Each structure stands twice: as C-alpha cells, then as structure tokens.
1. Hey, could you check the stretch B:376-399 for residues that are of a type in the set (D, E, K, R) and exposed (fewer than 14 other Cβ atoms within 10 Å of the Cβ) and say which is farthest from B:Pro187 (Cα to Cα)?
2. On the phi > 0 side of the Ramachandran plot and either out of contact with any helix residue (DSSP H, G or I) (no Cβ under 8 Å at 6 or more places or on another chain) or surrounded by fewer than 24 Cβ atoms within 10 Å (Cβ to Cβ) (or both) - does that describe any residue in the stretch B:161-176?
3. Would you be able to tell me the number of residues in the stretch B:376-400 that are in a strand (DSSP E or B) and either in contact with a Leu (Cβ under 8 Å, 6 or more places away or on another chain) or among the charged types (D, E, K, R) (or both)?
4. Return the pairs, sorted by first residue and then second, in which the second residue is outside any strand (DSSP E or B) and of a type outside the set (Val, Ile, Thr), the first residue lies in the stretch B:125-142 and is surrounded by fewer than 18 Cβ atoms within 10 Å (Cβ to Cβ), the beta carbons are less than 8 Å apart, and the residues are 6+ apart or on different chains.
5. Got at least one residue in the stretch B:103-110 being touching a residue at least 60 places away in the same chain (Cβ under 8 Å), closer than 20 Å to B:Gly9 by Cα and not polar (S, T, N, Q)?
6. Starting from the stretch A:154-177, keep only residues that are without any contact (Cβ under 8 Å) to a residue 60 or more places away in the chain, then list their pairs with residues that are in a helix (DSSP H, G or I) and among the aliphatic types (A, V, I, L, M) whose Cβ atoms are within a distance under 9 Å, requiring at least 6 positions of separation or different chains.
7. What's the number of the condition A:Ala403 fails, among (1) over 17 Å from A:Thr267 (Cα atoms); (2) in a strand (DSSP E or B)?
8. Within the stretch B:133-150, can one find any residue that is outside any loop (DSSP other than H, G, I, E, B) and away from chain A (no Cβ under 14 Å)?
Protein chains: 2
Amino acid sequence: MSLIVQKYGGTSVGSAERIKNVARRVAKWRSRGYQMIVVASAMAGETNRLIALANEVQSQPDPRELDVIISTGEQVTIALLSMALIEAGLKARSYTAMQVRIVTDSAHTRARIVSIDEDRIRADLEAGYVVVVAGFQGVDEKGNITTLGRGGSDTTGVALAAALKAEECQIYTDVDGVYTTDPRIVPEARRLSTVTFEEMLEMASLGSRVLQIRSVEFAGKYKVRLRVLSSFEEESEGTLITFEEDENMEQAIISGIAFNRDEAKVTILGVPDRPGIAYQILGPIGDASIDVDMIVQNVGHDGMTDFSFTVHRNDYQKTLKLLEPIVKHIQASGIVSGDRIAKVSVVGVGMRSHAGIASTMFRTLAEEGINIEMISTSEIKISVVIDEKYMELAVRVLHRAFALDQPA
Amino acid sequence: MSLIVQKYGGTSVGSAERIKNVARRVAKWRSRGYQMIVVASAMAGETNRLIALANEVQSQPDPRELDVIISTGEQVTIALLSMALIEAGLKARSYTAMQVRIVTDSAHTRARIVSIDEDRIRADLEAGYVVVVAGFQGVDEKGNITTLGRGGSDTTGVALAAALKAEECQIYTDVDGVYTTDPRIVPEARRLSTVTFEEMLEMASLGSRVLQIRSVEFAGKYKVRLRVLSSFEEESEGTLITFEEDENMEQAIISGIAFNRDEAKVTILGVPDRPGIAYQILGPIGDASIDVDMIVQNVGHDGMTDFSFTVHRNDYQKTLKLLEPIVKHIQASGIVSGDRIAKVSVVGVGMRSHAGIASTMFRTLAEEGINIEMISTSEIKISVVIDEKYMELAVRVLHRAFALDQPA
C-alpha cells in the first residue's frame, strides 16, 4: 500500500477548527487507500509564546531547557490532531520525537537528524493507524530533547518520507506552492507548477521561505518526491519539486526572484593575501555554529585583499566580537559591517545555457539607481546585496524585467 | 550528602515571577548543602486550558491523546524552573517522566507508578545538579505517555523521595499546612504542627485536598518523611506527617473535620441477601475503573437488604448506566440515587480510646436539624452523608463541638 507523508504548518493547525479541517483532508486521502503519516507543527504563535515565557525567566535561555519548553508546542498539536482524526472515525496515534525515536545530534535549537527508528510507525501503519508525528523535535543519544531550528517540521516530514519510502511528501502551508516571487511584494507573481530541486534549494536558502532549506537538501539526497500545497485551497495542485531536469524541458530561463533581509554583512579590510587566510577568518565563526551565507573575495593587489561575508542578523554582534582578535592576529587593517542590507537573487536552471542574465539584472537595478554592494553567483543564480530600503523595488523591477508575470 | 525532594504546585509556579521565587528557595536549601530534587506541576490554569483545547476537538477526548497534551503543562514548568535555577547561578537539569524514566501502568489519565529509574538522577545529583522533574506524568512499558490523575505531582514527589531515599519530601502548596478544617469555611481553623499518617490519609481522602491521597499512602508505605508547607510564607514550618503514634502523645482526640462534595450516592433497593452479591454489584464498577468510596450495607430482613455506595460525581451517570443490567440480573427492586450530597467526617487517632465521639457528632447535627443519610466509620474517623446544602453548617458546628478552635 502506498504511503503519503503530509506535513501541516502552524497556520494550518492554528485553531481547533483548522485542526478538524486537516483531519478531514487526511481522512480523504486515507479513504483513497493510502497509508498516512502526518507531521504537525506547533499551533501558530505557540512557539513564540513559549520563547517569550522562557525569556521572562532567563534573558539568554539555556539551550537544553529552551528545547524542552518549545518542543511542547508540537506535542499539543499531535494530540489534538489525533483526537480530531479519531473523532472523524479513523484510527490514529500520536508520537513525539522521543517516542518514534527521531535521533539527532546534540546541537540544541539547531539539531540535525541522525536516524529514525521506523519499526513502531511501520507496525502502526500496517495496523491501519494514521500516525501523527511531532515535527521540529528530536532526541539525542543521551535522551535529551532537541529541536531542529525554525521550519524544522519540514525536515521531519521529508526525513520520515525518506525513512519509510513514501510515495510523496506533501508540505501544507498557507501558500499554495512556490511562486516566481513573494506575491505580497509583486502581486503579479505566478505559481510554478514544477520547480527543480536545485532551484528550490536556491529559492529556499535565498529567503523564499516556503520550505526549510534542510528539508529540500534532504529530499534531494534521498530522492523524496516533495510537493508544496495550501491547506486552505482544495483545488490547487501546488508545486512539485522535481529532481530530473528533463522533466522540465520547457523550463523558463529564470524561475523566480528570491530575497532575504535577515542577513548582515561583514568586510575585513586589508587582509594579507596568503593561503589559509579564509580558514583563519571563518574557522572560529563555524566553530561558534554561526552559519555563513555569501562569501566574496576579489583578487588582491599589493599582497592585500578585502574579505566579505554575510551571516544571519541574529549572529551579527557575536560575529563582530569573534572577529576582533582575528583581525589583530592576521594583521588586517580593519572591519566595516552593516546589518541594514538585503539580498536579492534571480534563480533558474535555464540560466546555465543563457548568457546575458547578469547584464539584464545589473542594468535593471542601475536604471533604478540601486547600488550593488556585493555580487555572488552560482550555476543557477545570481545574488546581489543592496541597501535594504531598495529591496521591494529591486524585486518588482527584476520580476518585470525577466517577464515572470507572463505564463511560461 | 542529604537529599531533599521539594514539590511545587500550580499556584507556586503560576508565573515567571513565582518560578523565580521557587528558584530562590531551592537555592537557599542548596546552599545549606542539600542535594535537591524539585518536582513541578503545570502552571496554574494550564492543565485546564489544555483540557479545554482537547474538548474543542473531541467531546470525549481519547485518553491516550489527552495524556499527550496535558503532560506538556509540566514540561513547560520544568524547563522554566531549570532556566530560573541556572539564572540564579545553580547547575540544573530538567527531566520529563519519559526521560527519568517513571514507569507506570497503562491506565491513561489515572496511571499508577510501577518503578523509577534512579541512575541518571543520582549521577546528576552527585555532579551537583538540581534535578527538576515533571510531576503528574509517567510512561508505560510500551513508551506511551501517561498521567497520574489530578494531584499526581504529589505522588511523583513522594515516589522520587522513596526511590532516592530523601531525608524529607516537602510539598509546597498555597496553604501552609494541614488545618483542623478548611479555613475558608471555618475562620477559626488551626494549623496542625503534626498529623499522623493515618489521620492525613483520612483527611486527604475525605476531601481536605492538601495532599493527594495516593501520595500519602506511598509515603506511609515507604516511610517517607512528608511535610506540607506554603510556598508563599517563609516562616511557617508547615505540618509534618508522622508515622509513629508515640510522637504524638498529647494527641487531641479529634484532629480535624474533613468534607467532600464531589461524590454521588447510589442505593440499590431490595437486593437478595446472599453471599457474593456485593461483588456482583461492585465488580463491573471496579472493572470500569470507577473508584467507590463509602460502602454501606445494613443487616437484611426477609432475605432482602439495601446496598449503598458513593462514587465521584464525574462517574455518576456512567455508574447508573452500568448498574441497569446488574439490577435486573440480581433481581433487585430498584435504584435510588442522588448527586446533591456532601460527606462530612470527624478524624482523629485519639478517637480509638475515647467513647462518645459518635454521639457528640450525631447530637450536634441533630441540634441543627441536619438529617444523616448514611453513616460509615473506621478506627479513626466517622463519616456521614448529608444534603450538600448543609455542608458548611455541619463543618462549622462540628469544629466548635470538638473544640478544634482551641490550642491543643
């Protein structure tokens, strides 16, 4: 019997009424003969409520204890959703990550899944149960409760789909798929019926935020068929994330415009241009579990170069502090930095075979008088860092410049 | 090093501020050199909020899932309390029942503790940690989350004190000890500095509600030194529950007046007076996990007798339904029942050696025109069932009649 994994986000389970709607949808799939695993997030607002409670007690909450408190959010939802499924006449049973068990490393508040014990779930599925699993949480080897970081419920869904070889992992959210850009900024944004895994990866990491990046990586690694759907619209088929390029012969050159204003930039000036210097700078940053996004270094001159990178704004102050001794040690001349930046990217697998994308992008921004502070490119995307006040404008003009409002 | 177990109830941890107060109190005990285990309940109102949420989804919440949702209440508190302890400069670590593990049977919403794995706690105590344990919850052999029933956190505290051989188990609540009766009803009620285990047992089961009855039984069985204290008053030494009668040579005849209006009474009329009939009636009630409190059967005549008992009001309708076929089967003549009753009891170990307690009790009630519907006695208590509207009056006049407002 085919297995479907469905994951419902916080707004989809934000009230008793919405939870009942989810139960009805699950029942519909179940009645078609599918075995069902449902992964649930905390009810909308609940995680923030719990974090606020923690902050009332401790200004920098202890990470182990923070995971203990925030993991209760999903536990509440899985119980409610199981009740709703039972009320709807189905057999259902909830599992916390500790019960499954979903084993992670011990990096509290940002743990990574190491393994999933599938036996108990498999037995329940065979016995006709809908298995409802708490997203976002895990347990380390020592039995401590961990969490996977914001959006980690997507990863839970994909990891379960991979472990149990599901036919499809459906991510239900408050949007009905992946758009050419955020419709709140560009009303003409269109839903993409398919998007390649690589594009999705770039879109997610660049801030489209429909799916957590790690879940997309996971899906790619284990070839999980991943679909993004709306839990509020019955009709839409959402967006399917594909892993085979030839499924997309008619691929548009550019699939979308992504953006992100959660980052801060740091430039170390006058860095001696010698081997190993990048590691000397970024090693301690990585050791402190700070994720670095863009890294830009241009060719040096006079044995010197400037080294720039971006980090999440939450890590900005910590990063500056960490860099102080490093700058001295490597005898760089100083630091300039700022957190009022935005990153805007054009993404598309079609980009590989088409010249001129970069020039169209830079010309379009120049015409609006938007200064480009940093540039970084990959095979399928071009990203620029600009002043955050121009972000919406940049997204709108690029969306138009690449004709994304026109049907492909 | 001596170990103290402290248990804090819902009002004691009802806000961030109160949790910080608890942390300060724990720190004070810790600074005196004690190893500390702290058992915490859900924040006041939280369990009811979660039950209401469950009821929104399912009118009769599935018991397994109900335990999953309500156990989150304590999990939130242990995280917050651990954070407060860490903020206060202590080493602290929280444990859910599943992490400890506190193994129970599988009777969801009213499970009983079977065993406690003490190794991990012991290791943490030796390493100088304050160990914060979620009260009220357990895990069954199959890994399902269970709860111990209302007030179950007391039982968790006593069970941990027994397993780890604590010097004392301190139950912090919103009253500073055991009183001769409820001060809300009789303002002259006095705090008892000691009360015997047996009296406490009768007081708790009869509705004094300071401690959950099972916790007192547990304490008696494992000879745990149990003290009831207020978390809001620093000065009071609370009430110590003693297990040696000779510690109380100057014991008053009557220690207190207990009462309970949570019960309903059922009388089966015209029951054939033959061996095995009580079992035929109560067997199915027990099988349905309904607790029976008072049981009264008078001598029969003409081969017939009337059989009465009381159950919790929540189980009243279910009990009546269960009795229908039984009444037919045993050919009894009918049922009379009512849930507008109250039970009032006088309790005291001194009663054993003093005649006349019963007559004083009955005369006092008669003088107020209060009709007695049922009577039941034990070695150290006399209980009567009366119309619930007379309950406060009965408690007040009995408190005065036995001179409980006078210092012993």
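The values are calculated or read from the model by the stated rules, or taken from the named source; none is laboratory data. Source: prediction; values computed, not measured. Cβ atoms come from the backbone with ideal geometry, glycine included; neighbour counts cover every protein chain shown.
1. Taking the stretch B:376-399 first, the residues of a type in the set (D, E, K, R) are B:379, B:381, B:387-389, B:392, B:396.
Then keep just the ones that are exposed (fewer than 14 other Cβ atoms within 10 Å of the Cβ); that gives B:379, B:389.
Numbers: B:Glu379: 28, B:Lys389: 19 Å.
Per the stated criteria, the residue is B:Glu379.
2. Here is the first cut: in the stretch B:161-176, the residues on the phi > 0 side of the Ramachandran plot are B:165.
So of that shortlist, the ones also either out of contact with any helix residue (DSSP H, G or I) (no Cβ under 8 Å at 6 or more places or on another chain) or surrounded by fewer than 24 Cβ atoms within 10 Å (Cβ to Cβ) (or both) come out as B:165.
Within the stretch B:161-176 (the criterion being on the phi > 0 side of the Ramachandran plot and either out of contact with any helix residue (DSSP H, G or I) (no Cβ under 8 Å at 6 or more places or on another chain) or surrounded by fewer than 24 Cβ atoms within 10 Å (Cβ to Cβ) (or both)), the answer is yes, since at least one residue qualifies.
3. Taking the stretch B:376-400 and keeping what is in a strand (DSSP E or B), we get B:376-378, B:381-387.
Next cut, either in contact with a Leu (Cβ under 8 Å, 6 or more places away or on another chain) or among the charged types (D, E, K, R) (or both) only: B:381, B:383-384, B:386-387.
Count: 5.
4. Matching pairs, first to second residue: B:Ala127/B:Lys91; B:Gly128/B:Lys91; B:Glu141/B:Ser106; B:Lys142/B:Ser106.
5. Taking the stretch B:103-110 first, the residues touching a residue at least 60 places away in the same chain (Cβ under 8 Å) are B:107, B:110.
Restricting the remaining residues to those that are closer than 20 Å to B:Gly9 by Cα gives B:110.
From the residues that got through so far, the ones that are not polar (S, T, N, Q) too are B:110.
For the stretch B:103-110, residues touching a residue at least 60 places away in the same chain (Cβ under 8 Å), closer than 20 Å to B:Gly9 by Cα and not polar (S, T, N, Q): present.
6. A:Ala163/A:Ile121
7. Just one mismatch for A:Ala403, condition (2).
8. For the stretch B:133-150, residues outside any loop (DSSP other than H, G, I, E, B) and away from chain A (no Cβ under 14 Å): absent.
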